[in-house]
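> Before I ask anything, let me first share the structure, which is written out below as structure tokens.
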Amino acid sequence: IPTTTPTIDGLDMWQAISADTKSPRGSALINIDEIWNYSAIRVDNYKYLTGRVGFDNNWHGDSGASDKITISYDPINVLKSEAAISTNSIQTHILTAQTIQRLRSEATIRCNISEEQMVVCQPERAPCLFNIKTDPCEMKNIISTEPEVAKRLEALLKEYQASAVPASNLPEDRNGDARNWGGVWIPWRDANVLYDSSIQLECGIQKHSDSLPSSKTYDYSYIFLCAFGGLFIITTTILSIWLIIKNIKRRRNNDRSEVCNEDDRNYDI
């Protein structure tokens, strides 16, 4: 898409999507987190990362789909499924069982480095670098053997960090607890603007103040509203039934009067 803004780093992906050509994109920013202080970027076949998320940072082994495990999968059943049948009319290529097996095999990631050959990555201590083409399971940290590549990716990551929008996370505010607002999640800091007194009374929403109501007060209010609502529903239901019965009786009386009048006319004749 043409643009007059030179700072946008977007790329035209239409040919890659529509004609299955090679993607013009050679890099991708994976993440920048200035709060937890970790980030990652990929350029070509290399992935550079630094910092840790605080949990599950270790390498947890293969996914489990190894040659020693046989997984029952029948592509013929897939082709006979309702989903496959419903999309046959719009497909431009014929999908076969062999094609399905080939695509599954090509999409399967296989760890090609043994655990004995691993070079451990400890990103909380120092950045890590992986060649995810030759090492898709990220088992071998090659930052010591590819320092120039690491410097190039680090410099690009710093460029992204310089233009990143600062995080807008705010400290926890217990005043926003839904229990303080009638069990409703609302923008509590704007509650006095968004909710007038009549709506607050109807919905059981307490107006925001420095001294929040106790849960006991809210419980009594909730019980009262429920009792009042239940009484209103019962009353309106009984009234509706009474009106229906009254109308039925009135129609019957009218029908009888018409029959009697008809008999009188026949008698006069």
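> Quick check on my filter: what residues within segment 97-127 are closer than 30 Å to Leu79 by Cα and either out of contact with any Pro (no Cβ under 8 Å at 6 or more places or on another chain) or not in a loop (DSSP other than H, G, I, E, B) (or both)?
Selection gives Ala97, Gln98, Thr99, Ile100, Gln101, Arg102, Leu103, Arg104, Ser105, Glu106, Ala107, Thr108.
> Residue check: is Ser86 more than 23 Å from Ala164 (Cβ to Cβ), at pLDDT 80 or above and among the small types (Gly, Ala, Ser)? Talk me through it step by step, then tell me what you get.
Working: more than 23 Å from Ala164 (Cβ to Cβ): yes; at pLDDT 80 or above: yes; among the small types (Gly, Ala, Ser): yes.
Answer is yes for this residue.
> Could you tell me whether segment 20-28 includes any residue that is among the β-branched types (Val, Ile, Thr), outside any loop (DSSP other than H, G, I, E, B) and at pLDDT 85 or above?
No, that holds for no residue.
> So Asn169 fits all but one of (1) of a type outside the set (Ser, Thr, Tyr); (2) surrounded by 10 or more Cβ atoms within 10 Å (Cβ to Cβ); (3) out of contact with any Lys or Arg (no Cβ under 8 Å at 6 or more places or on another chain); (4) at pLDDT 50 or above; what number is the exception?
(2)
> Taking interchain pairs and intrachain pairs at least six residues apart, which have beta carbon atoms under 7 angstrom, with the first residue in segment 20-37 and closer than 30 Å to Thr92 by Cβ and the second among the β-branched types (Val, Ile, Thr) and modelled with pLDDT of 90 or more?
Pairs found: Gly26/Val43.
> Now, a different point. Output the residue which, of all residues in segment 77-89 that are more than 29 Å from the chain's Cα centre (by Cα) and surrounded by 10 or more Cβ atoms within 10 Å (Cβ to Cβ), is nearest to Thr99 (Cα to Cα).
Here the residue is Leu79.
> For segment 70-123, give me each residue that is over 30 Å from Leu49 (Cβ atoms) and among the aliphatic types (A, V, I, L, M).
Ile71, Ile76, Val78, Leu79, Ala83, Ala84, Ile85, Ile90, Ile94, Leu95, Ala97, Ile100
The values are calculated or read from the model by the stated rules, or taken from the named source; none is laboratory data. Being a predicted model, the structure only gives us computed values, none of them experimental. Note: ideal-geometry Cβ built from the backbone for every residue, glycine included; neighbour counts use all protein chains shown.
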